[in-house]
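The values are calculated or read from the model by the stated rules, or taken from the named source; none is laboratory data. The model shown is predicted, which means the values in this text are computed figures rather than measured ones. Positions of Cβ are backbone-derived with ideal geometry, glycine not excepted, and every protein chain shown enters the neighbour counts.
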Amino acid sequence: MKLFNYKIATGIKWTTFVCLLTLIFSTGCRKYLDIPLPVDKVAGASAFVNDNSTSTVVNGNFSNLVNGVLTGSPVMGENSVGYRTGLYADELQSISASDILGKAYFGDALTSLIGNGTQWSGFYKQIYNCNLTIEGINSAKNLKFKNQWLGETLFTRAFIYFNLVNLYGDVPLALTSDFNKTQTLARAPKSDVYQQIVADLKQAQGLLTNDYSDGLGAVTDSRGRPNLQAVNALLARVYLYNNDYVNAAKESTKVIVDSRYQLVAPSKAFLAASSEAIWYLVPPTGSWVAEFSLYNGNMPASLASPALILTYGIKSAMMPNLVNAFEPGDTRFTNWVRPTTVAATGTTPATVYYFPNKYKSNTPGTENVVVLRLAEQYLIRAEALVQQGDLNGAKADINTVRTRAGLGGVTATTKDAMLAAIAKERETELFTEFGHRFFDLKRTGTLDAAITAVSALKGSTWNPQRAVWPIPLTDITNDPSLTQNPGYN
């Protein structure tokens, strides 16, 4: 499988690497994004000779996750899973005629040549980096913070595979950096991939602590690196997706009862100091969260022409069904949705466009990319409790989230009604975040109905085979063991 052919740059000698480390630590750099050093540019095992050098490698992995502009990582911005799946499902509509790629996602018209190479190659580059890092850490003999480095990397690999398996279905399961072993990998069943995700997270549970640590192993208030509760939170999600409701409730409860995590007003949920965040990624120094530029761009609330929207770099708006999913008085709508009115012209009446507005600032340091947060854990536990017959417990969890949004309690009294209430709550709570909506529709068997309902707006006819994305043709060509998803041949 050629996409794993990220060989070590042997031209970078150990002396050069030491000089880079000296530069990093002499400048007092403690953020993992200040001077990222990609792991595939490091001189092999010598990169793990001590904690400082190992930290630099692990920092580079986090940097690659968040800094999509430089690395092609599909976590932030226009290439992000949240944005692309929002267009692909029923959250976002493309409003730019010139955005060919956006139109392909919105029209559910991806092919093996057009569309998702960034997601596939970006994630597998990260898998390679994680595998190389895990091997280096396991071989190292003098690491004081070995558990932290290994736990963080196992967590990262699990997070990446979670996204891959939900986007593509069966995927190659690479657990080594050895190109000779990975270049002809076939696709592993989803069940095998999920088994590895759980194994990585359970191992990470035994390595990380409740404390948040910085890139030098010191305890910090920053939640920019995963701790034990971040592992528990992701594991709760994984168990829910696999219908293991007992363990999903167990893991989410561990997070919910931790007093460090509190639901905050929607206006504060994505701020840098939010106590709702369990794990976030820190934008590069001097930068802000890319979603601000995707949906806000300091565009005014009134415009004379829809064409002016594009001048602010905005190519998509919320779909009507998502706008209408919010109940009257929902403070999430007030705080997380931004209307812009385009004035009437001739016989065309004024039109209101709605845009996601969870990230409102282009001031560096104001917001972070929140990946895991407490509200999701309440909704995970609510769903897990419903599936176990505890409707009252589930109702309490749903109402906790609704109360934060300024809404009254749910009135559902049956299992089906409670599950519908949870699905609606997830739609309005987690919209445009990391593919939640697309993944939820798939795992609950409601994707076909949801996409068919908006097919007229999309201008396409939904094909159920497109519940998974196509594998890029270059990888199919390079690896005879790699098969394409049905419907894309």
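Of the residues making up segment 317-326, none is buried (at least 21 other Cβ atoms within 10 Å of the Cβ) and β-branched (Val, Ile, Thr). Of the strands (runs of 3 or more DSSP E) lying entirely inside segment 326-391, those containing at least 2 residues that are closer than 30 Å to Asp244 by Cα and under 24 Å from the mean Cα position of the chain (by Cα) span 369-373. The residues in segment 437-449 that are surrounded by 19 or more Cβ atoms within 10 Å (Cβ to Cβ) and in contact (Cβ under 8 Å) with a residue 40 or more places away in the chain can be counted, and the count is 6. Within segment 295-308, the presence of at least one residue that is of a type outside the set (Asp, Glu) and on the phi > 0 side of the Ramachandran plot is confirmed.
In segment 403-461, counting only helices (runs of 4 or more DSSP H) that sit wholly within it, the ones holding 3 or more residues that are out of contact with any Asp or Glu (no Cβ under 9 Å at 6 or more places or on another chain) and closer than 26 Å to Asn163 by Cβ span 436-443, 447-453. Out of Leu374, Leu391, one residue alone is buried (at least 19 other Cβ atoms within 10 Å of the Cβ) and modelled with pLDDT of 95 or more. It is Leu374. Kindly provide the set of residues from segment 315-332 that are closer than 20 Å to Ala89 by Cα and touching a residue at least 60 places away in the same chain (Cβ under 8 Å), ordered by number. The answer is Lys315, Ser316, Ala317, Met318, Met319, Pro320, Asn321, Leu322, Ala325, Phe326. For Gln196, the stated conditions do not hold, so it cannot be described as farther than 29 Å from Val468 by Cα, touching a Lys or Arg at 6+ places or on another chain (Cβ under 9 Å) and at pLDDT 95 or above. When only residues in segment 380-396 that are of a type outside the set (A, V, I, L, M) and free of Cβ contacts under 8 Å to residues at least 24 places away in the same chain count, which is nearest to Ala423 (Cα to Cα)? Top of the filtered list is Lys395. Restricting attention to segment 215-228, does a residue exist that is without any contact (Cβ under 8 Å) to a residue 24 or more places away in the chain, among the acidic types (Asp, Glu), outside any helix (DSSP H, G or I) and farther than 24 Å from Asp397 by Cβ? Yes; the residues of segment 215-228 include at least one that is without any contact (Cβ under 8 Å) to a residue 24 or more places away in the chain, among the acidic types (Asp, Glu), outside any helix (DSSP H, G or I) and farther than 24 Å from Asp397 by Cβ.
For segment 340-358, residues that are surrounded by 15 or more Cβ atoms within 10 Å (Cβ to Cβ) and within 21 Å of Leu303 (Cα to Cα) total 7. Among the criteria (1) more than 25 Å from the chain's Cα centre (by Cα); (2) surrounded by 15 or more Cβ atoms within 10 Å (Cβ to Cβ); (3) within 26 Å of Asn79 (Cβ to Cβ), the one Leu303 does not fulfil is (3). Among residues of segment 103-147 being in a helix (DSSP H, G or I) and out of contact with any helix residue (DSSP H, G or I) (no Cβ under 8 Å at 6 or more places or on another chain), the one that is surrounded by the most Cβ atoms within 10 Å (Cβ to Cβ) is Ala104.
Within segment 274-299, being at pLDDT 95 or above, over 27 Å from Tyr105 (Cα atoms) and in a loop (DSSP other than H, G, I, E, B) holds for Ser274, Ser275, Glu276. Just one of the listed residues (Val257, Val264, Val282, Val289) is among the β-branched types (Val, Ile, Thr) and farther than 19 Å from Ala233 by Cβ, namely Val289.
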